[in-house]
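In what follows, a single structure is set out as structure tokens and then discussed.
No value in this document is a laboratory result; all are computed from the given coordinates. Being a predicted model, the structure only gives us computed values, none of them experimental. All Cβ positions, glycine included, derive from the backbone under ideal geometry; neighbour counts span all protein chains shown.
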Amino acid sequence: MTTTTANEKKERFTPEIRAEIDRWIAKYPAEWKQSAVMGALMVVQDSNGGWLTTELMDQVATYLDMPPIAVYEVATFYSMYELKPVGKHKICVCTNVSCMTNKSDLIVEHLEKKLGIGFGEVTEDGRFSLKEVECLGACGGAPMMQIGRQYYENLTPEIVDAILEGLE
């Protein structure tokens with residue numbers, strides 16, 4: 001059995017991943033490069049099919065010269081990071097006050113019935129996952145959901161069906 005050193009783990013980042021993380025690091029003074037942790041986690045998560053493994057978080061910690069626990073704290077605190085596999089299309093449904101009062105519960109029920117999954121689950125074909133999220137800052141368009149980086153507002157079951165049908 002061979003062991004992997006921190007330097008070898010760092011080298012597993014492709015040059016493209018390192019370049020993207022370096023762009024985040026460049027936004028901060030050199031002594032504050034750890035401030036790039038959120039951006040680095042997004043880069044690594046995106047390159048890994050939308051979720052983070054402990055090994056990937058450890059690699060971010062090594063790359064940013066910070067304790068792994070500090071990276072885990074960020075990854076477990078913010079809802080945009082996933083610690084288990086997600087579907088090709090991660091559907092985030094806001095269930096906070098504005099969306100709730102505008103019947104987000106009906107959107108959730110419709111999605112659960114249509115996809116056959118609940119929050120935190122992935123469809124058998126791996127195409128969709130469903131996540132409950134707090135406010136996404138689109139209260140004026142409630143109820144709303146986010147798929148990838150796209151917001152969808154003023155939802156009805158019919159609009160949801162059209163959106164899902166339009167996804168690859």
Inset, instruction - Express in nm, to one decimal, how much length is gained between D105 and M66 on full extension, taking 0.36 nm for each residue of separation and deducting their alpha carbon distance. - result: 9.9 nm
Inset, instruction - Per DSSP H run of n ≥ 4, the term is -39500 (n - 2.57); total these for the chain, divide by its residue number, and report the mean residue ellipticity at 222 nm rounded to 500 deg cm²/dmol. - result: -12500 deg cm²/dmol
Legend entry - Top positive-direction residue, dipole computed over the chain with Cβ charges, set M80, Q59, G120: Q59
Inset, instruction - With both partners inside the stretch 89-165, how many of the DSSP beta bridges are antiparallel, as a percent to the nearest 5? - result: 55 percent
Inset, instruction - Please report how far the C-alpha centroid of the stretch 96-168 lies from that of the stretch 13-90, rounded to the nearest whole angstrom. - result: 26 Å
Inset, instruction - Just add up the charged neighbours of L167: K/R +1, D/E -1, any other residue whose Cβ is under 10 Å from the Cβ of L167. - result: 0
Legend entry - Net +/- balance of residues flanking T95 in space, Cβ distance below 12 Å, scoring K and R +1, D and E -1: -2
Legend entry - With Cα atoms, 0 to 90° folded angle of helix 15-25 axis to the chain main axis: 80 degrees
Legend entry - Residue-count net charge about L52 - beta-carbon cut-off 12 Å; Lys, Arg +1, Asp, Glu -1: -3
Legend entry - Efficiency of FRET between Y28 and N154 - r from beta-carbon atoms, R0 45 angstrom, step 0.05: 0.75
Inset, instruction - Work out, step by step, the length gained on full extension between N96 and L164: first 0.36 nm times the residue separation, then minus their alpha carbon distance; give nm to one decimal. - result: 22.3 nm
Legend entry - Dipole-positive endmost among V44, Y151, A30 within the chain (Cβ charges, Cα centre): A30
